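First the structure, in the form of structure tokens, and then the observations on it.
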Amino acid sequence: MSGAQASRSTRSLDHNAQIHRFTPNHKMKVPFLDLKAHHAPFIEKFDRAIREVIESSAFAGGPFVEKFEEEFAEFCGSSFAIAVGNGTDALWLTLLGLGIDEGDEVITVPNTFIATAEAITYCKARPVFVDVDPNTFTMNPAELEKSLTEKTKAIIPVHLFGQPADMDPILEFARANGLFVVEDAAQAHGAEYKGRKAGTMGDAGCFSFYPGKNLGAFGEAGAVVTNDPELRKQIQMLRDHGQSRKYYHALMGWNCRMDGIQAAVLSIKLRHLDEANGLRRKHATEYSQALAGIDEVLTPFEAMYARHVYHVYAIRVQERDVVARNLQDRGVGCAVHYPVPIHLQEACRNLGYKKGAFPIAESLADQFLSLPMFPELTKEQIEYVVRCVTEAAIGAEALV
Ligand SMILES: Cc1ncc(COP(=O)(O)O)c(C=O)c1O
């Protein structure tokens, strides 16, 4: 470590006086995610709710699902919510419901979870990627024009890590070109864009309730929100074997219903989502303030328009894999979202993209490191993570 780096590290640590409580060898376990802690206060409520589902035998669809649909639609400020089996189903059935078909193109971003592109591919349409904004890591609206063709039918902005994409210019571009907008809000339950809830600005918003999400089920679950009654009807039929009523099949559908037990659990957890998101935001502020003086670490940026809900708190560092190993050795759980952008995944080789096609998404994939983030994180855990990150990152090349 150079002298300059050493003095910078001392200065940074002095800046966080409490951190000195830890000796250099102090080892604490900080999980990446602690679902057990998150569920502990509600165990009795979950027991009661699951018992009610068992007693009423409403296992697939049914009254618990309908109740959750109403509650989630109201939470989002949307006319309808349609509960489905998972977030991938939500995206896929929405695109099918909008009529996306073979030969169509759908524009999205390369730095997302593969499900966004899978849903497009499952409609036999082609995913077309555009690069992202270097600050928000979400779709750069200025990139849309050059990817537009006669085949383009829809745009899927992804509200990555819990921060909404810059929706107004995306919606304006879509309107001007007659395109649908489907928000991938799988990571953004309760996030806001200029006061509007994520998922409610386009033709539809798609959510995942995978257990680790800000609103997570006890297994697989997802939902679509929309204000369009026709789209709602289509998705309701598609998720349930194309039935308009029992055993009358208007179209070839699939089985993507939500389980009653998942809906009952989600109804309980939804009541605590705002509070949990508030805690995530508080922890994010604490991380960002404590890491602000460390030149080797870039902390996440919250856009003026956004209420970020920090599903993921991702810093950027050079030599990310070395830093990650160092954190893991010291008991700090961390993760990489995502190590390979979608256009460079083996599964997308047929799309013909080469390395260098989306330089911002590619450099983010090399630098992102997600730190522990869950509502029950303690001050002591945050301080320990900050200390470990600081010590691991100092000496790495500074990011600009
Ligand atoms: C951005 C994004 N889109 C879609 C999905 C798919 O959701 P699910 O895993 O519930 O199918 C996820 C899940 O991780 C996601 O993060």
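Cα atoms only, the chain: Rg and Dmax in Å?
Spelled out, the Cα radius of gyration and Dmax of the chain are 21.9, 76 Å.
Taking a virtual spin label 7 Å from the Cα of M28 along the C-beta vector, which residues in the stretch 300-333 bring their backbone nitrogen under 20 Å of it?
Only 313-315, 324-333 fall inside the zone, counting backbone N under 20 Å.
Just the accessible area per residue of the chain, please: how many Å² with a 1.4 Å probe?
Heavy-atom SASA per residue in the chain reads 44 Å².
Rounded to the nearest 20 debye, what is the charge dipole size of the chain about its Cα centre when +1 sits on each Lys and Arg Cβ and -1 on each Asp and Glu Cβ?
For the chain, the charge dipole is close to 620 debye.
Residue by residue through the stretch 368-381, which ³J(HN,Hα) values in whole Hz follow from phi under the Karplus form 6.51 cos²θ - 1.76 cosθ + 1.60 (θ = phi - 60°), with glycine and proline marked x?
Using θ = phi - 60°, the values come out as 4, 9, 8, 8, x, 8, 7, x, 8, 3, 9, 4, 5, 5 Hz.
Find, among the chymotrypsin sites (Phe, Trp or Tyr not before Pro) in the stretch 45-141, those assigned to loop by DSSP (not H, G, I, E, B) with at most 15 other beta-carbon atoms within 10 angstrom.
Those that pass, being in a loop and sparsely packed, are F59.
Within the stretch 101-195, which trypsin sites (Lys or Arg not before Pro) sit in a loop by DSSP and count at most 14 neighbouring Cβ atoms inside 10 Å?
Answer by residue number: K124, K151, K194.
Could you tell me the calculated FRET efficiency between S79 and D329, based on Cβ-Cβ distance and R0 = 45 angstrom, to the nearest 0.05?
Efficiency, rounded to the nearest 0.05: 0.35.
Counting each DSSP H run of 4 or more residues in the chain as -39500 (n - 2.57), what helix-only mean residue ellipticity at 222 nm follows after dividing by all residues, to the nearest 500 deg cm²/dmol?
-11500 deg cm²/dmol
How much length, in nm to one decimal, is gained on full extension between V336 and H241, taken as 0.36 nm per residue of separation minus their Cα-Cα distance?
Working it through step by step, the gained length comes to 30.5 nm.
Using a probe of 1.4 angstrom, how much of the accessible area of the stretch 285-400 is carbon and sulfur, in percent?
Result for the stretch 285-400: 52 percent of the exposed heavy-atom area is carbon or sulfur.
Within the stretch 223-269, list the trypsin sites (Lys or Arg not before Pro) lying in a DSSP loop whose Cβ has at most 12 other Cβ atoms in a 10 Å radius.
In loop regions of the stretch 223-269 (DSSP not H, G, I, E or B), the sparsely surrounded trypsin sites (Lys or Arg not before Pro) are K246.
With no solvent and one equal point scatterer placed on each C-alpha of the stretch 129-218, evaluate the Debye formula and give log10 I(q)/I(0) for q = 0.23, 0.26 Å⁻¹, two decimals.
-1.13, -1.35
From the cross-link list K153/K213; K67/K233; K213/K354; K29/K269; K269/K379, which pairs have alpha carbons spaced over 21 Å apart?
Listed pairs above 21 Å: K153/K213; K213/K354; K29/K269; K269/K379.
The values are calculated or read from the model by the stated rules, or taken from the named source; none is laboratory data. Because the structure is predicted, anything quoted here is derived from the model rather than measured. In this analysis, Cβ positions are derived from the backbone assuming ideal geometry, glycine residues included, and neighbour counts consider all displayed protein chains. We work out accessible area using only protein heavy atoms, side chains counted, and drop any ligands, DNA or RNA first. Shrake-Rupley method; radii C 1.70, N 1.55, O 1.52, S 1.80 Å.
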